[in-house]
Amino acid sequence: RFDAVLFDLDGVLADTAHIHFAAWRRLAEELGIHLEPAFEEKLKGVDRMGSLELILAHGGPEGSVTRTAEEKRVLAERKNGYYTAAIAEQTPDDLLPGARRVLEEVRAAGLKIALASASRNAPPLLQQLGIAPLIDAIADPAAVKAPKPAPDLFLEAARLVGAVPERCLGIEDSVAGIISIKDAGMVAVGIGDPTVLTRADYVVPTTEQFHIGDFL
Ligand code: B16
Ligand code: MG
């Protein structure tokens with residue numbers, strides 16, 4: 001029934017949301033903007049410039065409009081420096097429980113594996129986590145027109161492994177990501193809360209509860 005499984009990264013294979021958030025919080029504080037812990041949820045699955053816009057808007061209505069595109073690029077680059085320094089410390093112990101087993105089971109079942117992450121830092125992070133050899137292709141978010149919730153990144157991931165959308169299973173923890181998968185014409189597995197991930201075809205609470213055998 002399936003030829004490929006397309007994985008999101010943050011929230012599915014690794015728990016990098018809190019690392020992203022710590023980096024954004026540091027930048028925000030430098031700008032005099034306070035981010036309460038609940039803000040972390042708002043940034044999940046949102047790409048880099050989209051996240052910056054949400055944070056600037058949180059600081060006040062003038063935060064975004066008074067800055068030029070170049071100033072915003074510099075701010076996003078500063079946050080990325082904090083983030084890349086932190087992920088350089090990641091090790092295979094930082095994989096989410098079950099992540100490595102899931103990848104190995106999908107491979108053993110003879111299916112292709114592609115990554116569909118909004119993160120431009122995915123390649124070095126996969127190396128740090130020791131799972132790069134288990135992944136056949138990484139869709140480059142810079143190479144697609146529209147970020148999640150558009151279907152582009154998942155369609156690109158499918159294309160890279162030569163699979164048609166109808167025969168792809170997409171796995172995501174964010175609402176935006178589930179919308180991408182469904183609008184790409186794929187079957188969606190949500191990782192998290194079924195009352196939040198309402199468009200997913202199936203939902204499991206954590207990666208640990210996902211078994212490819214249930215879908216074959
Ligand atoms: P970067 P995912 C997303 O990863 C994160 O959830 C989101 O918080 C982050 O802003 C985005 O990647 C872009 O990351 O700044 O490294 O390019 O869930 O799509 O794997
Ligand atoms: Mg995610």
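Every number in this text was worked out from the coordinates using simple rules, so none of it is lab data. All figures in this text were calculated on a predicted structure; none of them were measured in a lab. Please note: Cβ atoms are built from the backbone with ideal geometry, for glycine as well, and neighbour counts cover all protein chains shown.
Around Thr206, which amide H atoms from residues at least 5 apart in sequence, or from another chain, sit under 5 Å from its own amide H, with H modelled in the peptide plane? So Thr206 has HN proximity to Gly192. Per-residue Karplus couplings for region 150-166, computed as 6.51 cos²θ - 1.76 cosθ + 1.60 with θ equal to phi - 60°, are listed in order as 5, x, 3, 5, 5, 5, 5, 4, 5, 4, 4, 9, x, 10, 7, x, 4 Hz, Gly and Pro entered as x.
Please compute one quarter of the surface area of the Cα convex hull for region 11-79 and express it in square nanometres.
Details: hull surface 17.7 nm².
Reported value for the Cα convex hull: 4.4 nm².
Taking Lys and Arg as +1 and Asp and Glu as -1, the other residues whose beta-carbon sits under 11 Å from that of Ala137 total -1. How far is helix 17-30 tilted off the main Cα axis of the chain, in degrees rounded to 10, range 0 to 90? With rounding to tens, the tilt is 10 degrees.
The angle between the Cα long axis of helix 99-108 and the main principal axis of the chain comes to about 40°, on a 0 to 90 degree scale. Around Val189, what is the net charge, scoring Lys/Arg as +1 and Asp/Glu as -1 over all other residues with Cβ under 15 Å from its Cβ? With Lys, Arg at +1 and Asp, Glu at -1, the neighbours total -4.
Along region 178-189 the Karplus relation, 6.51 cos²θ - 1.76 cosθ + 1.60 evaluated at θ = phi - 60°, assigns HN-Hα couplings of 5, 4, 4, 5, 5, 6, 7, x, 10, 8, 10, 10 Hz to successive residues, with x for each Gly and Pro.
Number of Lys-Lys pairs in region 68-216 with C-alpha atoms under 30 Å apart and a separation of 8 or more places or on different chains: 9. Could you give log10 I(q)/I(0) at q = 0.15, 0.18, 0.25, 0.35 Å⁻¹ for region 167-207, computed by the Debye formula over C-alpha point scatterers of equal weight, without solvent? So the normalised log intensities work out to -0.25, -0.36, -0.69, -1.27. For the chain, the equivalent ellipsoid built from the Cα gyration tensor has semi-axes of 30, 18, 16 Å, listed from largest to smallest. P(r) for region 126-188, from all Cα pairs and a bin width of 5 Å, is 4, 20, 25, 25, 18, 7, 1 %, short bins first. Between region 1-71 and region 79-124, how many Å separate their Cα centres? The two parts, judged by their Cα centres, are 18 Å apart.
Report, as a whole number in µm² per second, the diffusion coefficient that Stokes-Einstein gives for region 37-113 at 20 °C and 1.002 mPa s using the Kirkwood radius over alpha carbon pairs. In µm²/s, the coefficient is 138. Each of Ser174, Ser117 was scored by other Cβ atoms within 10 Å of its Cβ. Listed from fewest to most, they are Ser174, Ser117. To the nearest ten degrees, helix 69-87 and the longest principal axis of the Cα atoms of the chain are 60 degrees apart. Listed peptides 51-60, 25-34, 149-158 appear in the order 149-158, 51-60, 25-34 once ranked by packing, highest mean of other Cβ atoms within 10 Å at the front.
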